[in-house]
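The values are calculated or read from the model by the stated rules, or taken from the named source; none is laboratory data. As the structure is a prediction and not an experimental result, all values here were calculated from the model. Quick reminder, even Gly has a Cβ in these numbers, built from the backbone with ideal geometry, and neighbours come from all protein chains shown. In case anyone asks, the SASA skips ligands and DNA or RNA and just uses the protein heavy atoms, side chains included. Shrake-Rupley method; radii C 1.70, N 1.55, O 1.52, S 1.80 Å.
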Amino acid sequence: MLHTRAAATLGSQERGSSLADLPPGTGTGLAAAVGISGGEALMVDLVHDGPHAVVVGMTGSGKSELLTTWVATLCRDRSPREVTFLLVDFKGGRTFDALTRLPHVTGVLTDLDEAKAVRAVESLRAEITHRERMLAELAARDVSEAAGTLPRLVIVVDEYAALVATHPGLHEVFGDLAARGRALGMHLILASQRVAGSFRDAVLANAPLRVALRVTDAGESRAVLGTPAAAALPAPRTRGLALVRRASDDAPVLVRVIPCPREALVTIAARAEAQAAGVVVRAPWLPALPASIRLERSSGVRARSCSA
């Protein structure tokens, strides 16, 4: 009942807020304002509150809008020298369309090209090795000591449950990323309609930053927040309402997520492109080998046809 009354008040007082009302994130972490709570911007920081985050919410709860705002505000406040993104959409391929213009985004993977998406996620193990090698060459203990050389990489997955259900082997990849990502500057934001049976302990144990939009099952809310409150959010006004629990919070904080309109993304992208002039954003995976390779003459010896 308490959250129901608070949600009604929050909705009536703060629906008029816009992305321009959200202050920039500052400091050495990845602070980002994602919404308004009690008249103030609510900041979440993948470095200091994370290193990883779990987001849960039913269809229509505003999960995609939250992810878009989160990525957009980070790109607004930081250059590609500081942070880059790999976006994975496994629920139809349209969630991240508007974010592709941002120079921070290394790629958008979808289930519409499932083989490419799975290959790229599996290749993140090579990115772990690359970052370990880079830190060793710089004599840096973690990515914070390699500022300007190695940007943080945020991997955002929408409908994580569908991804790992279709490809169970990826559980190990994400478990490895969750365990080793903090020092290497690799961060996960894993969003799903459900948590039960999809998120293994290796991931949950390293993802203390939790966000729950409306869910229908109180058990899902407890699994993410430790309370059934997300199942009690009022259905008529629920879209864009979320409960956020950071490691420092004694209880979840109710927030109204501020959506990011396309025109705001155009402005953010134009400014970021000007700031990122000359910056080459490294994709965290290599392109696939071609289906066929033409054999050429080498050292004076005529190459034979592969079919010979």
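One table, with the values for the structure above:
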{"item": "Residues that are hydroxyl-bearing (Ser, Thr, Tyr) and within 23 Å of His48 (Cα to Cα), drawn from segment 185-220", "result": "Ser192"}
{"item": "Long-range neighbours under 7 Å by Cβ, at least six apart or interchain, first residue over 13 Å from Val244 (Cα atoms) within segment 25-49, second part of a strand (DSSP E or B) and among the charged types (D, E, K, R)", "result": "Gly29/Asp45; Leu30/Asp45; Leu30/Arg152; Ala31/Asp45"}
{"item": "Hits in segment 261-295 - residues which are hydrophobic (A, V, I, L, M, F, W, C), over 22 Å from Phe96 (Cβ atoms) and modelled with pLDDT under 80", "result": "Ala277, Leu289, Ala291, Ile293, Leu295"}
{"item": "Residue within segment 56-66 that is touching a residue at least 12 places away in the same chain (Cβ under 8 Å), more than 29 Å from Ala218 (Cβ to Cβ) and under 12 Å from the mean Cα position of the chain (by Cα) present", "result": "no"}
{"item": "Segment 67-104, residues that are more than 28 Å from Leu243 (Cβ to Cβ) and assigned to a strand (DSSP E or B)", "result": "Thr84"}
{"item": "Residue in segment 8-21 that is in contact with a Cys (Cβ under 9 Å, 6 or more places away or on another chain), over 22 Å from Val281 (Cα atoms) and modelled with pLDDT under 90 present", "result": "yes"}
{"item": "Ser64 vs. criteria assigned to a loop (DSSP other than H, G, I, E, B), open to solvent by 20 Å² or more (accessible area, probe 1.4 Å) and within 18 Å of Arg262 (Cβ to Cβ)", "result": "no"}
{"item": "Test: residue in segment 170-179 that is open to solvent by 50 Å² or more (accessible area, probe 1.4 Å), in contact (Cβ under 8 Å) with a residue 24 or more places away in the chain and within 30 Å of Leu138 (Cβ to Cβ)", "result": "yes"}
{"item": "Qualifying helices (runs of 4 or more DSSP H) (wholly inside segment 149-264; at least 3 residues being of a type in the set (Ser, Thr, Tyr))", "result": "none"}
{"item": "Considering residues of segment 137-146 that are without any contact (Cβ under 8 Å) to a residue 40 or more places away in the chain and in a loop (DSSP other than H, G, I, E, B) only, the residue nearest to Ser64 (Cα to Cα)", "result": "Ala140"}
{"item": "Unmet criterion (only one of (1) of a type in the set (A, V, I, L, M); (2) open to solvent by less than 20 Å² (accessible area, probe 1.4 Å); (3) over 11 Å from the mean Cα position of the chain (by Cα)) for Leu87", "result": "(3)"}
{"item": "Positions within segment 25-45 being farther than 20 Å from Gly148 by Cβ and in contact with an Asp or Glu (Cβ under 6 Å, 6 or more places away or on another chain), in sequence order", "result": "Ile36"}
{"item": "Residues of segment 252-279 classified as within 30 Å of Ala230 (Cα to Cα) and among the small types (Gly, Ala, Ser), total", "result": "1"}
